[in-house]
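To start, the structure under review is shown below, and the notes come after it.
Read-outs throughout are calculated quantities, based only on the coordinates presented, and are distinct from any laboratory measurement. Worth saying up front: this structure is predicted, and the values here are computed from it rather than measured.
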Amino acid sequence: MSTKEITKTETITKEQVVKEHEIVLFNDDVNTFDHVIETLMLVCHHTSEQAEQCALLVHYKGQCTVKTGALKDLKPQCIALLTAGLSAEII
């Protein structure tokens, strides 16, 4: 009779955690709903429904996260929002 040896191998995988940043759009008394919606569609590639929802949230709540992602991807989008006269920042 033979004896079988069982070995257990444990593999540890390191997960690379990528921190997601957010562009937060803030309410103001200057820009119209149409301007905000059009800008979000152009700059953030929102659908008209997404842009409208964000505009309503900004209006009623004071702010809304309009985009998440890597900092290098969000910087040009945030600059474009600011250039269009909107109030936004990356957090």
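Taking θ as phi - 60° and the Karplus parameters 6.51, -1.76 and 1.60, the scalar couplings of the stretch 64-79 work out to 7, 6, 9, 7, 10, x, 6, 4, 5, 7, 7, 4, x, 5, 5, 4 Hz in sequence order, x denoting glycine and proline.
Close amide-amide hydrogen proximity is noted between Cys44 and no other residue 5 or more places distant or on a separate chain, at a cut-off under 5 Å (H modeled in the peptide plane; Pro and chain starts excluded).
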